[in-house]
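Input: a single structure, listed below in structure tokens.
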Amino acid sequence: MILNVVIDDQLLELNVPEAFMEQAHDFFAKMDADMDQGWQVDREWIEKPDTMLRAQIAANKLFTALENEDHKLGRLMAGYIVSRIPNVESVELNPAGETRDHRINIEQAATDDAPPSSAEIAHPGIPQGLNKMQAMAQAAKDVSKVFKVGKQYRFSVYNHAKDSWEDSPAIADKAQAEAMREHAFKARFDALCG
């Protein structure tokens, strides 16, 4: 199977062969057993991560593996996502965001019990279905400007589900922080447009 991964508008097609999935079955089961014990997701301890959050945790590890050119770990994480969410269409990795900011896009089933949209998963609690002008105004409220903390830069994104602001990771370069903020802004705008 091919898992489509998008990073900064760049599409990667990761090949996850069926034979590899069978060989990695025990590894995937061990990952699930570890997550059954609870998991630290950014600054929050989650007692029982659900299937989608587990996929986002794997997506976060996939992003790190791709950054470090760790092909074995990357294939394992891609395989885990495909094995747990068989109807995955693509994974959008957000370099500026946290674990929950990685979007797992699911093929929409033609049934009434279709899974929640990727916007609802990646940005829980946000208003959806806004027109472009409303979405632009709301995204401007939800994603702060870049600000300096010591010698590093950050920006914040409002989490509607938790009714709180979440800071980006510390970024050494202001231009990079602005680029990452722009990416977060676009992701929020797209989610608001629903």
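The values are calculated or read from the model by the stated rules, or taken from the named source; none is laboratory data. Every value quoted in this text rests on a predicted model; they were computed, and no experiment measured them. Glycine also receives a Cβ, built like all others from the backbone with ideal geometry; neighbour counts cover every protein chain displayed.
Within the stretch 171-194, residues that are over 22 Å from G125 (Cα atoms) have Cβ atoms under 8 Å from residues that are assigned to a helix (DSSP H, G or I) and not charged (D, E, K, R) in these pairs: I171/A177; I171/M180, counting only partners at least 6 apart in sequence or on another chain.
Considering only the stretch 36-52, state which residues are exposed (fewer than 10 other Cβ atoms within 10 Å of the Cβ) and either at pLDDT 90 or above or on the phi > 0 side of the Ramachandran plot (or both). Answer for the stretch 36-52, where residues must be exposed (fewer than 10 other Cβ atoms within 10 Å of the Cβ) and either at pLDDT 90 or above or on the phi > 0 side of the Ramachandran plot (or both): Q37, W45, E47.
Taking the criterion of being among the hydrophobic types (A, V, I, L, M, F, W, C) and closer than 14 Å to V82 by Cβ, the residues of the stretch 13-42 that qualify are L14, V16, A19, F20, M21, A24, F27, F28, M31. Among the residues of the stretch 87-105, not one is within 17 Å of L14 (Cα to Cα) and either outside the structural domain of A24 (by TED's automatic domain parsing) or at pLDDT below 85 (or both). Among the residues of the stretch 135-160, just one is polar (S, T, N, Q) and over 19 Å from D42 (Cβ atoms), namely Q138. A search for C-beta distances below 7 Å between a residue of the stretch 66-80 that is over 14 Å from L12 (Cβ atoms) and touching a residue at least 40 places away in the same chain (Cβ under 8 Å) and any residue that is not polar (S, T, N, Q) and not in a helix (DSSP H, G or I), counting only pairs 6+ apart in sequence or on different chains, returns L76/A24; G79/V16; G79/A24. If you go through the stretch 153-167 one residue at a time, do you hit one that is β-branched (V, I, T), touching an Asp or Glu at 6+ places or on another chain (Cβ under 9 Å), within 20 Å of N4 (Cα to Cα) and modelled with pLDDT of 85 or more? Scanning the stretch 153-167, I find no residue that is β-branched (V, I, T), touching an Asp or Glu at 6+ places or on another chain (Cβ under 9 Å), within 20 Å of N4 (Cα to Cα) and modelled with pLDDT of 85 or more, so the answer is no. In this structure, S117 does not qualify as out of contact with any Asp or Glu (no Cβ under 9 Å at 6 or more places or on another chain), at negative phi, at pLDDT 85 or above and assigned by TED's automatic domain parsing to the domain that holds M21. For the stretch 43-63, the set of residues classified as closer than 12 Å to E98 by Cα and over 12 Å from the mean Cα position of the chain (by Cα) consists of R43, E44, listed by residue number. Every listed requirement among (1) crowded, with 19+ Cβ neighbours inside 10 Å; (2) farther than 19 Å from I7 by Cα is met by A55 save one, (2).
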